[in-house]
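The values are calculated or read from the model by the stated rules, or taken from the named source; none is laboratory data. All values reported here derive from a predicted model rather than from experimental measurement. A quick note on method: Cβ atoms are made from the backbone with ideal geometry, for glycine too, and the neighbour counts reach across all protein chains shown. Quick note on the areas: whole protein, heavy atoms, side chains included, nothing else; ligands and nucleic acids left out. Shrake-Rupley method; radii C 1.70, N 1.55, O 1.52, S 1.80 Å.
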Amino acid sequence: MMSAFKILIVDDEELIVRLLSMSLRSDGYQTVSAFSGEQGLEVFKAESPDIVVTDIKMPGMDGLELLKKIKEIDPEKEVIIVTGHGDIDSTITALQYGASDFINKPVRDAALAIALERAKSKIAIRKTLEEYTTNLEIKIAEATEEIRRKSNFQRLLITSSHDAIVAFDRDWKVVVYNPEAARIFGEAAKDVRNKMTIDDLYTPKIAKVFKNQVKDEKDQRNFPWKEQVIHTKDGRQIPVRYASNVLFENNEFVGTVNFFQDLTEIKRLEKELVQSERLAAVGQTVSGLAHYVKNILIGLKGGSYIVDVGIQKNNMEKLRSGWETIKKNIKRISDLTQDLLTYSKQREPEMETCSPHDIINELMELLKGFAASKNIIFSKNLDKSIGQITADPKTIHHALLNIINNAMDACIEDEDITKKHEVKILTHIDKNHMICFEVEDNGCGMDEDTRKKLFTPMFSSKGGKGTGLGLLVTGKLIEEHKGVIEIETSPGVGSTFRIKLPYTKVKSVDGN
Amino acid sequence: MSKKVLVVDDDPDVRSFVVTVLEENQYIPLIAQDGVEGLEKIEKEKPDLVILDVLMPRGSGIRLYHHLKTHDQFKALPIIMFTGIALRSFLKSQKVLDEFQGAEVPKPDIYLEKPVDPEVLAAAVRKKLG
Ligand SMILES: Nc1ncnc2c1ncn2[C@@H]1O[C@H](COP(=O)(O)OP(=O)(O)O)[C@@H](O)[C@H]1O
Ligand SMILES: [Mg+2]
């Protein structure tokens, strides 16, 4: 909490001021005092107290006048008015001037303590709200402030703002709609201002957020900036950051004001940044690849030696086996090059109609020989209803190939040779309408440390036999395809890798 | 009579290379894919020399080497370490294992770092077997 609130006590009766000061000090407040309205104002300016407690009846400048002056200087200042009996009229005036609270004369400590606590918590709430505020939100506060004052400055501020500003009155009709708002929402101001309601202008989802805000508890009403992609009526998608303030006048709801910032440019820059970070990562850890490349070289050298022997001895079998080795290693180096390229380049998925199950079947055909040679049982359990979808078949192929290869490696690496090793491939549609590809193995699994490093460039536990690029590339392809990868693993038990992609089924055209 | 040489390596490319080198130099090659299979073959086939990879899944070369050097019946069996990792890293991991198992084993007589020319490999085998 804040230490020592400073309280200004103003009363023409010196004794009262002294008594109050004394009891407040013993409660841990800091006090300053004045014995007239005029002096009160001087002290207020000089000391800028947090809370002012002023008597209403004083010769010369009275409490009301002082309240008015203080509020002119700082409308947020908490001013507690001390009234006598029968001061109804001045009490009402004080309310209009913005007094925070009233206590009756003679001032009792308990009543004052309660009023001060209330004032303090108001200040505290304001402080926490201020903590959220970035520079921009200060601008918002200014904007809301200005809206209240209905000055020219307000219009200027609103029209020239780089943020889109849209305000609604209590009936949710648009009353403020600045040029930037017109740019973002694509509707001309003349068609919107005083004509449209919140539901005409916004999509239901956003409209709901703002409408609900009004119902929230007072201190939760103002939320920090949120991000959202808005779909405009003319079909554009604009990423925005938005915030909103609920406006009250004399404790009565009068409307809301919303602020939007177009993030298109920022998002583009972010993408570029990610891109260049990716390149840097490749550069930094490329040395980690040296091992892998060395292994390929070993393969190529060995293969060419066997080919030489085959030629010399006219031995077809040697020729064939050497040539196989060479071809295999050429493929490894071209896959590596391909992975590096895929990883370092931004790529949009090439969407087309394809059958995920055909891809899975192809892959299993391709890998079943290897699996059998390592005593790994290969099985599948596919959801028949999936059919044809719109997706990038290359992404699905590449991602599954990497993950299945890893699953088989995990079986091979497993220390427990008594296990019957298995790799299962499953598909289904989940409740969020995503198509899920699951690759489950009962291989070595991963400890926490390995799990954390999975997507680190060139992280591989396979020494010269792995590139540490597989998951990195897979992760990137899936991300570009608006999908996610989920991983469950337990050391010594096995792992499940789950790829989820948006499911867009293609209606089968049967008959004709 | 031709001597038997066992190659323990999980990489089929390496195996066929070493096998070819051995054949070319009139040795009888035997193969094993990992440490466990390696030990089985050693017990059954009684090779005259073992060419051993360090990094393999399951019962790594380091462990097999350790086993051979700490069991009397195998102590005399000559071993060529044949591997992708540098000798320094190998010695370090061997030291860790020594400390862990409380037995100190001798350094390998011959340590070859891949890639190796066929002539160099053949010469190493000849040096051990004559
Ligand atoms: N199914 C799995 N089970 C256990 N570990 C895995 C599995 N998939 C990936 N890993 C771990 O993640 C690491 C990185 O995988 P990846 O990026 O494909 O590179 P690489 O396969 O070349 O090592 C692997 O070396 C392995 O340690
Ligand atoms: Mg991999």
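List of remarks:
- Any hit, the stretch A:349-364, residues being within 15 Å of ligand 2 (Cβ to nearest atom) and either assigned to a strand (DSSP E or B) or within 23 Å of B:Pro12 (Cβ to Cβ) (or both): yes
- When the test is whether a residue is in a loop (DSSP other than H, G, I, E, B) and either closer than 21 Å to A:Thr159 by Cβ or at pLDDT below 80 (or both), A:Asn245 does not pass it.
- Filtered by the rule that a residue be away from ligand 2 (no atom under 16 Å from the Cβ), in a strand (DSSP E or B) and within 18 Å of A:Ile429 (Cβ to Cβ), the stretch A:480-495 gives A:Val484, A:Glu486.
- Note on the stretch B:1-75: enclosed helices (runs of 4 or more DSSP H) holding 3 or more residues that are more than 12 Å from chain A (Cβ to nearest Cβ), of a type outside the set (Phe, Trp, Tyr) and open to solvent by 30 Å² or more (accessible area, probe 1.4 Å) are B:35-45.
- Within the span defined as the stretch A:438-454, one or more residues are under 30 Å from the mean Cα position of the chain (by Cα), in a strand (DSSP E or B) and farther than 26 Å from A:Val293 by Cα.
- Residues that are open to solvent by 10 Å² or more (accessible area, probe 1.4 Å) and in contact with a Ser or Thr (Cβ under 7 Å, 6 or more places away or on another chain) within the stretch A:162-183 comprise A:Trp172, A:Lys173, A:Pro179, A:Glu180, listed in sequence order.
- Those helices (runs of 4 or more DSSP H) of the stretch A:139-200 in which 2 or more residues are modelled with pLDDT under 85 occupy A:152-160.
- Number of positions in the stretch A:400-421 that are within 16 Å of ligand 2 (Cβ to nearest atom) and either modelled with pLDDT of 95 or more or part of a helix (DSSP H, G or I) (or both): 14
- Some residue of the stretch A:251-264 being farther than 30 Å from A:Arg170 by Cα and either at pLDDT 85 or above or part of a helix (DSSP H, G or I) (or both): yes
- Residues in the stretch A:292-321 that are more than 10 Å from chain B (Cβ to nearest Cβ) and not in a helix (DSSP H, G or I): A:Asn314 alone.
- Taking the stretch A:40-76 as the range and being assigned to a loop (DSSP other than H, G, I, E, B) and of a type in the set (D, E, K, R) as the test, the residues that pass are A:Asp50, A:Lys57, A:Asp62, A:Asp74, A:Glu76.
- Of residues in the stretch A:400-429 being away from ligand 1 (no atom under 12 Å from the Cβ) and surrounded by 21 or more Cβ atoms within 10 Å (Cβ to Cβ), the one farthest from the chain's Cα centre (by Cα): A:Ile425
- Per-region count, the stretch A:445-491, residues within 14 Å of chain B (Cβ to nearest Cβ), more than 7 Å from ligand 1 (Cβ to nearest atom) and open to solvent by less than 40 Å² (accessible area, probe 1.4 Å): 2
- Lone unmet requirement of (1) assigned to a strand (DSSP E or B); (2) within 16 Å of ligand 1 (Cβ to nearest atom) for A:His397: (1)
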